[in-house]
Amino acid sequence: MKRLMIRLPDPAHDTLEARAQQAGEPLASTAAGLLRTVLEDPESKPVRPVRSQRPDSRTRLPASTPGPAWLPSEEDEKWADDTWGAILALHERYPRALAKLEHDWYQHPERAEMLAALATWRAAIDTAGEDPREELAFQNALLQLARTLDQAPGLGRPFKAGTAMPSGWPRGSE
């Protein structure tokens with residue numbers, strides 16, 4: 001018999017601990033039994049832990065958005081409001097990094113999608129971040145965007161964080 005050490009996210013560990021208490025057996029015995037069950041019956045569905053109130057790192061801004069949360073969705077009318085607000089919050093939270101954001105960024109799909117992705121990522125870290133490397137990767141991406149904005153020719157006037165959502169958002173026309 002071999003020993004194995006594994007890491008589990010807190011919600012999965014909590015669920016496993018609750019199952020062990022219900023069964024009246026040690027945590028390791030419960031974990032081993034679940035693992036043996038999955039390995040012995042490859043057709044069985046993997047045992048999924050019951051989620052705690054804390055969402056996982058794939059948290060989306062609008063929970064009902066089909067597809068990637070940072071891309072516009074015709075089916076979800078809240079997407080535009082939620083994403084615009086999240087991008088404004090990102091702009092207010094990181095004013096130095098986004099100081100040179102163009103006033104009409106929302107008319108350029110590549111910029112709008114990047115900002116929506118960053119806002120979605122920030123929300124996921126804020127609600128369910130468990131690994132400091134997530135924060136470091138996010139900050140690196142934000143720094144990269146700041147450098148891109150700094151080198152963008154013809155900036156014109158900068159975006160103001162209090163700007164109202166344009167009527168054409170997210171399709172790029174005012």
One residue from 79, 84 being modelled with pLDDT under 80 and aromatic (Phe, Trp, Tyr): 79
Verdict on residue 59 being of a type outside the set (A, V, I, L, M), at pLDDT below 90 and under 25 Å from residue 146 (Cβ atoms): yes
Out of 98, 118, 142, 90, sole residue that is outside any helix (DSSP H, G or I), buried (at least 17 other Cβ atoms within 10 Å of the Cβ) and either among the hydrophobic types (A, V, I, L, M, F, W, C) or not assigned by TED's automatic domain parsing to the domain that holds residue 157 (or both): 98
Residue, surrounded by the fewest Cβ atoms within 10 Å (Cβ to Cβ), within segment 25-40, restricted to residues that are charged (D, E, K, R) and part of a helix (DSSP H, G or I): 40
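One line per residue, one yes/no per condition, for (1) β-branched (Val, Ile, Thr); (2) touching a helix residue (DSSP H, G or I) at 6+ places or on another chain (Cβ under 8 Å); (3) farther than 17 Å from residue 164 by Cα; (4) modelled with pLDDT of 90 or more:
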site: 29; (1), (2), (3), (4): no, yes, yes, no
site: 37; (1), (2), (3), (4): yes, no, yes, no
site: 40; (1), (2), (3), (4): no, no, yes, no
site: 63; (1), (2), (3), (4): no, no, yes, no
site: 67; (1), (2), (3), (4): no, no, yes, no
site: 73; (1), (2), (3), (4): no, yes, yes, no
site: 89; (1), (2), (3), (4): no, yes, no, yes
site: 107; (1), (2), (3), (4): no, no, no, no
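The values are calculated or read from the model by the stated rules, or taken from the named source; none is laboratory data. Model, not experiment: these values are computed from the prediction. Every residue, glycine among them, receives a Cβ derived from its backbone with ideal geometry; neighbour counts consider all protein chains shown.
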